[in-house]
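The values are calculated or read from the model by the stated rules, or taken from the named source; none is laboratory data. This structure is a prediction, so every number in the text was calculated from the model and none was measured. A quick note on method: Cβ atoms are made from the backbone with ideal geometry, for glycine too, and the neighbour counts reach across all protein chains shown. Side chains included, ligands, DNA and RNA excluded: accessible areas come from the protein's heavy atoms. Shrake-Rupley method; radii C 1.70, N 1.55, O 1.52, S 1.80 Å.
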Amino acid sequence: MTQTPQLITVLGSTGSIGVNTLDVLSRHPDRFRVFALSGASQVDLMLRQCAQYKPRFAVMVQPQAAASLQEKITAEGLKTDVLCGAQALDDIAAHPEVNVVMAAIVGAAGLSPCMAAARAGKRLLLANKEALVVGADVFMSAVQFGGATLLPIDSEHSAIFQSLPQDPSTWDARVEKIILTASGGPFRTRAVDSLKDVTPDQACAHPNWVMGRKISVDSATMMNKALEVIEARYLFGLPPDRLEVVIHPQSIIHSMVQYRDTSVVAQLGTPDMRVPIAYGLSWPERVHSGASALDFKKLPAMTFEALDDGDHSKRFAGIHLAWQALRAPAGSTAVLNAANEEAVAAFLEQRIRFDQIHAVNLASLERGVPSRPTNLQDLLALDAQARATAQEQIRKLRA
């Protein structure tokens with residue numbers, strides 16, 4: 001029997017996750033068809049994607065980029081409709097013809113279309129961790145309201161999901177703790193007192209993964225793992241004291257679940273984002289991802305380090321902000337995320353030092369006295385307030 005292809009919207013198709021998603025989709029044209037793509041400003045890449053995948057819609061967030069894309073689409077004779085702006089992102093995420101939404105927009109900008117997809121009951125492949133870090137209970141309420149299927153795409157959260165029992169109602173009773181693994185990034189062995197001299201290019205040179213600049217910096221500071229701890233709290237429902245992080249430099253074990261009987265179930269694989277992407281697209285089935293298989297005869301020795309080993313507690317001070325934010329008033333995780341986005345942007349623009357990112361995040365979190373957000377507008381207002389606080393801290397550091 002011929003299978004009707006699933007229609008896919010890829011939010012953030014010009015980023016690394018989006019590009020990998022399209023690679024997986026291209027391997028299974030009988031199962032998946034691209035319905036809509038979105039990007040921020042990379043017009044030429046979006047044009048190539050439109051020519052190859054022939055989406056009905058392409059959204060560019062920046063008006064100038066949208067105008068340029070429309071001109072080139074017309075010149076090429078392509079039939080893709082070009083849209084612009086935040087509302088267009090919501091529209092292609094919630095479109096009634098769409099079956100699956102890959103949410104790969106970096107940062108809080110991806111929150112609104114994620115909420116739209118959740119309320120519309122889509123299968124939502126979540127590569128944008130900020131939807132949960134910022135949205136928290138508000139976002140999860142939208143998922144429940146719409147009856148959406150939420151599948152994690154971060155390699156760590158996908159590994160946890162694959163290692164948990166199939167029935168979520170049993171997780172609390174059967175699981176002792178969740179253990180997220182972290183590579184340690186490019187500065188795992190670097191002297192702490194030399195971190196003040198780190199350049200943006202050095203921070204973006206991850207030893208195992210090819211990622212965008214913002215998430216690469218987050219990996220170098222370990223803030224990505226702090227955000228992933230917060231995300232795991234809301235995805236899997238376990239309290240913060242049952243979430244643990246261990247450094248695993250080889251990035252072969254992507255995360256683990258320890259059960260009440262002390263058994264540990266782990267998911268292993270090559271460090272290739274196409275593996276969790278393919279799993280999310282095809283769940284509960286599995287399809288070929290294009291990634292290389294592990295060759296156990298050639299694997300290096302796998303090692304593990306505690307966060308408090310040696311200088312790690314100083315080197316990766318940001319990781320501890322996850323538990324601080326989760327125990328603080330509702331909305332604190334949104335404050336932490338906004339502050340970190342501003343701090344990382346300031347570092348990449350060389351307005352603050354690498355070691356000052358944590359100072360901005362800590363000061364913003366401690367200064368934030370958030371009211372309890374109940375809807376998207378509350379979250380956006382809280383996000384704006386936290387960014388203003390972070391910018392104030394950045395100005396103080398530059399004074």
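The requirement of being hydrophobic (A, V, I, L, M, F, W, C) and in contact with a Lys or Arg (Cβ under 7 Å, 6 or more places away or on another chain) is not satisfied by residue 89. Being exposed (fewer than 15 other Cβ atoms within 10 Å of the Cβ) and closer than 18 Å to residue 349 by Cβ is the filter; apply it to the stretch 179-201 and report the residue that is nearest to the chain's Cα centre (by Cα). Within the stretch 179-201, the match that is nearest to the chain's Cα centre (by Cα) is 201. Here the condition is being crowded, with 17+ Cβ neighbours inside 10 Å, out of contact with any Phe, Trp or Tyr (no Cβ under 8 Å at 6 or more places or on another chain) and charged (D, E, K, R); of 90, 44, it holds for 90 alone.
Of all residues in the stretch 155-178 being in contact (Cβ under 8 Å) with a residue 24 or more places away in the chain and either of a type in the set (Asp, Glu) or in a loop (DSSP other than H, G, I, E, B) (or both), which is surrounded by the fewest Cβ atoms within 10 Å (Cβ to Cβ)? Among residues in the stretch 155-178 that are in contact (Cβ under 8 Å) with a residue 24 or more places away in the chain and either of a type in the set (Asp, Glu) or in a loop (DSSP other than H, G, I, E, B) (or both), the one surrounded by the fewest Cβ atoms within 10 Å (Cβ to Cβ) is 172.
The set of residues from the stretch 128-147 being open to solvent by less than 20 Å² (accessible area, probe 1.4 Å) and not in a helix (DSSP H, G or I) comprises 128, 129.
Mind counting the residues in the stretch 270-301 that are modelled with pLDDT of 90 or more and surrounded by 13 or more Cβ atoms within 10 Å (Cβ to Cβ)? Count: 16.
Please work out if residue 120 is within 29 Å of residue 47 (Cβ to Cβ), without any contact (Cβ under 8 Å) to a residue 40 or more places away in the chain and open to solvent by less than 40 Å² (accessible area, probe 1.4 Å). Walk me through it before giving the result.
Details: within 29 Å of residue 47 (Cβ to Cβ): yes; without any contact (Cβ under 8 Å) to a residue 40 or more places away in the chain: yes; open to solvent by less than 40 Å² (accessible area, probe 1.4 Å): no.
Taking the combined requirement at face value, the residue does not satisfy it.
Per the conditions (1) more than 24 Å from residue 345 (Cβ to Cβ); (2) touching a strand residue (DSSP E or B) at 6+ places or on another chain (Cβ under 8 Å); (3) not aromatic (Phe, Trp, Tyr), the sole criterion not satisfied by residue 63 is (1).
Residues in the stretch 246-265 that are outside any strand (DSSP E or B) and open to solvent by 30 Å² or more (accessible area, probe 1.4 Å): 5 in all.
Filtering 93, 75, 103 for residues that are among the hydrophobic types (A, V, I, L, M, F, W, C) and over 21 Å from the mean Cα position of the chain (by Cα) leaves a single hit, 75. With respect to (1) farther than 24 Å from residue 205 by Cα; (2) assigned to a loop (DSSP other than H, G, I, E, B), the lone exception for residue 190 is condition (1). Of the residues making up the stretch 197-209, one or more are of a type outside the set (A, V, I, L, M, F, W, C) and farther than 30 Å from residue 19 by Cβ. Within the stretch 222-245, one or more residues are in contact with a Ser or Thr (Cβ under 9 Å, 6 or more places away or on another chain), assigned to a strand (DSSP E or B) and modelled with pLDDT of 95 or more.
Counting only strands (runs of 3 or more DSSP E) that fall entirely inside the stretch 2-74 and contain at least 2 residues that are more than 18 Å from residue 283 (Cα to Cα) and touching a Leu at 6+ places or on another chain (Cβ under 6 Å), the qualifying elements are 32-39, 57-60.
One residue alone among 98, 106, 10, 82 is in contact with a strand residue (DSSP E or B) (Cβ under 7 Å, 6 or more places away or on another chain), surrounded by fewer than 24 Cβ atoms within 10 Å (Cβ to Cβ) and in contact (Cβ under 8 Å) with a residue 40 or more places away in the chain, and that residue is 98.
Taking the condition closer than 26 Å to residue 186 by Cβ, of a type in the set (A, V, I, L, M, F, W, C), open to solvent by 30 Å² or more (accessible area, probe 1.4 Å) and touching a residue at least 24 places away in the same chain (Cβ under 8 Å), does residue 306 pass? Yes, satisfied.
In this structure, residue 56 does not satisfy being over 24 Å from the mean Cα position of the chain (by Cα) and closer than 23 Å to residue 273 by Cα.
Taking the condition modelled with pLDDT under 95 and either in contact with a Phe, Trp or Tyr (Cβ under 8 Å, 6 or more places away or on another chain) or of a type in the set (Ser, Thr, Tyr) (or both), does residue 251 pass? Considered against the rule, which asks whether it is modelled with pLDDT under 95 and either in contact with a Phe, Trp or Tyr (Cβ under 8 Å, 6 or more places away or on another chain) or of a type in the set (Ser, Thr, Tyr) (or both), residue 251 comes out as yes.
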